[in-house]
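Enquirer: One structure is given below, represented as structure tokens, and several questions about it will come after.
Quick note: the coordinates plus some simple rules give every number you see, no bench work behind them. Computed from a predicted model, the values in this text were never measured in an experiment. Note that we place each Cβ from the backbone using ideal geometry, even for glycine, and neighbour counts take in every protein chain shown.
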Amino acid sequence: MDLTQGTKQDKNSRAKKMMLYFGIGALVMSFAGWTSAFIVSSSRPDWLQDFVMPTPFWTSIVIMLISSVTFIIARKALEKNNKNLTTIMLVVTFVLGLFFVFNQFKGFSQIIEMGYNFTGPTSNVTVSYIYLIAVVHILHVAAGLIPILIVIINHLRGKYTPNNYLGFELAEIFWHFVDILWLYLFFFLYFFLN
């Protein structure tokens, strides 16, 4: 396919999607670097063995998967011009994103209750990596919540139609990325800590 063909709107759409994919690629490389450092550091003598992942981290998997499903339902409803269902599913997706962040902090609280802090005398390099990876992911979830909020506002203003919803689509792509990223990070940590 010739990427120079099509209307100005088609070219704009392809360019914005390509920029998003480049950004996602850069984020993948960043997290690959952190998880690689995690693997290398796991040979340290002070590395924790048999660390139990906090229950809220498990719950977070379900939250993120449901939020991806609600975003898909929202898009399909938009494509069928069902504005009410689109609005409801976008709001549910946003609330689930907030609940994910809240749940992550509950997980951090459980880690602290186990006696591990991010820094100080009760810190451990293993737990510091867990904090770093989870907090950076939370920041990306927050970065995904902002476009969802903008999409909700734009949707309520009638900006999107079944044939014209680029901003909606870009927000959805990024949201699915942070969902998949959490699945990868969680299971990476789970299998390397047990």
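Enquirer: Identify all lysines with a Cα-Cα distance to Lys17 below 21 Å; exclude those on the same chain that are fewer than 8 residues away in sequence.
Expert: Candidates past the 8-residue exclusion: Lys8, Lys76, Lys159.
Enquirer: What nm value, rounded to one decimal, do you get for the distance between Leu166 and Trp34 when each label is placed 7 Å out toward the C-beta?
Expert: 3.1 nm
Enquirer: To make sure I understand, if each residue's beta carbon is the centre and we count other beta carbons within 10 Å, what order do Arg157, Arg44, Arg14 fall in, fewest to most?
Expert: Lowest to highest Cβ neighbour count: Arg157, Arg44, Arg14.
Enquirer: Rounded to the nearest Å, what's the spacing between the alpha carbon centres of the range 77-101 and the range 106-143? Just the number, please.
Expert: Using only Cα atoms to place each centre, the spacing works out to 30 Å.
Enquirer: Before rounding to the nearest 500, sum -39500 (n - 2.57) across all DSSP H runs of length at least 4 in the chain and divide by the residue total; then give [θ] at 222 nm in deg cm²/dmol. List each step's numbers first, then the result.
Expert: Working: 5 runs with 150 residues, N = 194.
When only DSSP H runs of four or more count, the value is -28000 deg cm²/dmol.
Enquirer: Roughly how many nanometres apart are two label points built 7 Å out from the Cα toward the Cβ at Ile72 and Val136?
Expert: Spacing of the two 7 Å Cα→Cβ label points: 2.8 nm.
Enquirer: Cα gyration tensor of the range 1-85, axes a ≥ b ≥ c as square roots of the eigenvalues: rounded (a/c below 1.5), prolate (a/b > b/c) or oblate?
Expert: Working: a/c = 6.19, a/b = 1.60, b/c = 3.87.
In terms of gyration-tensor shape, oblate.
Enquirer: Note the listed values [x] 25.2, 87; [y] 25.3, 84; [z] 19.3, 61, then indicate which one is Rg and Dmax of the Cα atoms in Å calculated from this particular structure.
Expert: It is the value labelled [z].
Enquirer: Can I ask one more? Hey, can you rank 110-117, 72-79 by average C-beta count inside 10 Å, highest first?
Expert: On the way: 110-117: 14.6, 72-79: 18.5.
Top to bottom by mean Cβ count within 10 Å: 72-79, 110-117.
Enquirer: Just how large is the dipole of the chain about the Cα centre, in debye to the nearest 20, putting +1 at every Lys and Arg Cβ and -1 at every Asp and Glu Cβ? Let's see the in-between values first.
Expert: Values: 13 positive and 9 negative charges, 168 e Å.
Magnitude of the dipole: close to 800 debye.
Enquirer: Lys/Arg Cβ at +1, Asp/Glu Cβ at -1, dipole of the range 8-193 taken about the Cα centre: which of Leu181, Ile63, Ile153 is farthest positive-ward?
Expert: About the Cα centre, the residue reaching furthest to the positive side is Ile153.
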